[in-house]
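Q: Got a structure here, written out as structure tokens. Questions coming.
Coordinate-derived values only; no laboratory data. Worth saying up front: this structure is predicted, and the values here are computed from it rather than measured. Glycine also receives a Cβ, built like all others from the backbone with ideal geometry; neighbour counts cover every protein chain displayed.
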Amino acid sequence: MQSKSIKNKVIIVTGGTGGHVFPAVAVANELISRGIKPIFLSDKRGEKYINKDLNIDIIVLPVRNFNSSGILINIKSFYYLVISVIKSCFIILTLRPTLVLGFGGFVSLPSLVAAYLLRTPTVIHEQNIILGRANKFLSKYCKMVLLSFDQTLNIPKKLLVPSYVVGNPVRKNFIRKEEYFPPIKNEKIRILILGGSQGAKVFSDIIPKILSQLPTNIKNRIEVVHQCRVLDIKSVEKFYTENLISHETSGFINNIAEVLKKSHLVISRAGASSLSEILVANIPSVLIPFRYSKDNHQFLNANCLVNSGSSWVIEEDNYINQNLLELLKKILSSINNLSEKSKQANKIARPNASKDFVNLLDSYFFNPIPKEAS
């Protein structure tokens, strides 16, 4: 182990949302446990997530996505892209990492292109059930592709490098060790509402109103923890209070793993990281995919869980109010069904994803098995 800590450094490049950062943090923890030093590269958004989890080196890149139709803004974005490639080259030449890991998002492009130009091995990981645009482009130049789903879509037909399904790495504190039990008679039904790392306005506008319309005998039993946008906290709190619904509201839940594992039901977006955490915690879930997600990946992610029998899905359309109300009435009127959903979640969860991920890196890059002499 001591020799590894001297020999091996790994640069981890990740997009700035929680969905990209949290799996990267889980892998970083596993690398550290094996004496390997990770160094993070991300944008300003990603910095806040990484600092909360690990006391490790992080370098911020100025890269910005090409989201605007304005030509001057796109010229500026291209300038930052070039600067980020140059900065990444300097970082790689200075640190001499064994490997560069990419966790998707536009932020990962300049660093992995720089690594390819400097002949430093790269590995990419895809969190969603459909290969993202950045990862699809980078798959032509990397040494290995790691996937979260067996049914991953959009993989190039002529992929020339090994690909493995390892699952989506999660932080260890999310993994359930004890059996899930549904609420017993007269016990509070604990419902966790997650709008994703960036919050979801529709969750603040719709879900509290739907919960207030539940039959009185059910409404009196529910206990809600609602993670919402900071801008919505006061209005959401006011509504719950006026409708006599037991609740806690927060813009960011620091002890989210503990809160999740204590919940009986989760209502959530269908980002890959959230789904992986819900699965390893073995919590039944109602999923409301973000309808504007790129390549409709949230709906595809959610369908995978629905097909496994671990979740229900409600589409964000004109009938969401009626459909969600009827579904919640059905679920909360027959809560023994929650146990079966929890068992199915446990069956498809991959609690060892971080270990499997790093085991592959170990065998290919850190301690490669010598090829037999021909």
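Q: Using packing as a proxy for protection, rank 173-179, 43-49, 209-215 so that the peptide with the highest average count of other Cβ atoms within 10 Å comes first.
A: Averaged packing, sorted descending, gives the order 43-49, 209-215, 173-179.
Q: Rounded to the nearest 0.05, what FRET efficiency do Arg133 and Asp317 give with R0 = 22 Å and r taken as the Cβ-Cβ distance? Could you check?
A: 0.30
Q: Put +1 on the Cβ of each Lys and Arg and -1 on the Cβ of each Asp and Glu in the chain; which of Ala349, Gly35, Ile129 then has its Cα farthest toward the positive end of the dipole?
A: The one lying farthest along the dipole's positive direction is Gly35.
Q: Right, something else. Roughly how many nanometres apart are two label points built 7 Å out from the Cα toward the Cβ at Arg119 and Leu153?
A: According to this spin-label approximation, the distance is 4.0 nm.
Q: Now for a different question. Is there a quick way to get the dipole size of the chain? I mean about its Cα centre, with the Cβ of Lys and Arg at +1 and of Asp and Glu at -1; what is the value in debye to the nearest 20?
A: 720
Q: List the residues, sorted by chain then number, that are 5 or more residues from Glu223 or on another chain and whose placed amide H is less than 5 Å from its amide H.
A: For Glu223, whose amide H was placed from the backbone, the distant partners under 5 Å are Ile189, Arg190, Ile191.
Q: Which listed residue (Thr249, Asn303, Leu265) has the Cα farthest towards the positive end of the charge dipole for the stretch 174-348, taking +1 on Lys and Arg C-beta and -1 on Asp and Glu C-beta about the Cα centre?
A: Most positive-ward Cα: Leu265.
Q: How large is the helix-only mean residue ellipticity at 222 nm for the chain, computed as the sum of -39500 (n - 2.57) over DSSP H runs with n ≥ 4, divided by its residue count, in deg cm²/dmol to the nearest 500?
A: Counting only the DSSP helices, I get -13000 deg cm²/dmol.
Q: I want to verify a result. In a Gaussian network model of the chain, Cα cutoff 10 Å, which of these has the top mean-square fluctuation: Phe66, Phe357, Phe203?
A: Phe66
Q: While we're on this one: Can you give the FRET efficiency to the nearest 0.05 for Asn255 and Glu340, using r as the Cβ-Cβ distance and R₀ = 25 Å?
A: FRET efficiency, Asn255 to Glu340: 0.35.
Q: Enumerate the helices in the chain for which the Kyte-Doolittle hydropathy averages -0.5 or more and the C-alpha atoms extend at least 20 Å along the helix's axis, using complete DSSP H runs.
A: Membrane-span-like by this criterion, though nothing is claimed about a membrane: 18-33, 71-95.
Q: Working out 0.36 nm times the residue gap between Asn359 and Val161, then minus their Cα-Cα distance, what length gain in nm do you get to one decimal?
A: 69.5 nm
Q: A follow-up question, please. Looking at the stretch 89-188 from every direction and averaging, what is the projected area of its Cα convex hull in nm²?
A: 9.6
Q: A follow-up question, please. Order these by the 10 Å Cβ neighbour count, fewest first: Ser342, Ser108, Ser88.
A: The order, fewest Cβ neighbours first, is Ser342, Ser88, Ser108.
Q: Could you list Ser276, Ser308 so that the one with the fewest beta carbons within 10 Å of its beta carbon is first and the one with the most is last?
A: Least to most surrounded, the residues fall as Ser308, Ser276.
Q: How big is D for the chain, in µm² s⁻¹ as a whole number, if Stokes-Einstein is applied with the Kirkwood radius of its Cα pairs at 25 °C and 0.890 mPa s?
A: In µm²/s, the coefficient is 113.
Q: At R0 = 51 Å, how high is the FRET efficiency between Ser246 and Asn367 if r is their beta carbon distance? Nearest 0.05 is fine.
A: 0.45
Q: How big is the C-alpha Rg of the stretch 174-348 next to the rule-of-thumb value 2.2 N^0.38 Å, as a ratio?
A: Working it through for the stretch 174-348, the quotient is 0.94.
Q: Search the structure for amide H atoms under 5 Å from the amide H of Thr249, placed 1.01 Å from N in the peptide plane, and list their residues when 5 or more places away or on another chain.
A: His226
Q: Follow-up. Over the chain, what is the mean sequence separation of C-alpha contacts under 8 Å (at least six apart), divided by residue count, expressed as relative contact order in percent?
A: The normalised contact order for the chain reaches 15 percent.
Q: I would also like to ask the following. Which value, in debye to the nearest 20, describes the size of the charge dipole of the stretch 152-300 about its Cα centre when Lys and Arg Cβ atoms bear +1, Asp and Glu Cβ atoms bear -1, and nothing else is charged?
A: That gives the stretch 152-300 a dipole magnitude of about 300 debye.
Q: Rank Pro183, Pro284, Pro169 by mean-square fluctuation in a GNM of the chain with C-alpha springs under 10 angstrom and give only the top-ranked residue.
A: Judging by the Gaussian network model, the answer is Pro183.
Q: Once amide H atoms are placed 1.01 Å from N in the peptide plane, what residues at a sequence separation of 5 or more from Gly104, or on another chain, have their amide H within under 5 Å of its amide H?
A: Gly15, His125
Q: Further question on the same structure: Calculate log10 I(q)/I(0) of the stretch 7-49 for q = 0.21, 0.22, 0.29 Å⁻¹, where I(q) comes from the Debye formula with a single equal point scatterer on each Cα and nothing for solvent.
A: -0.61, -0.66, -0.98
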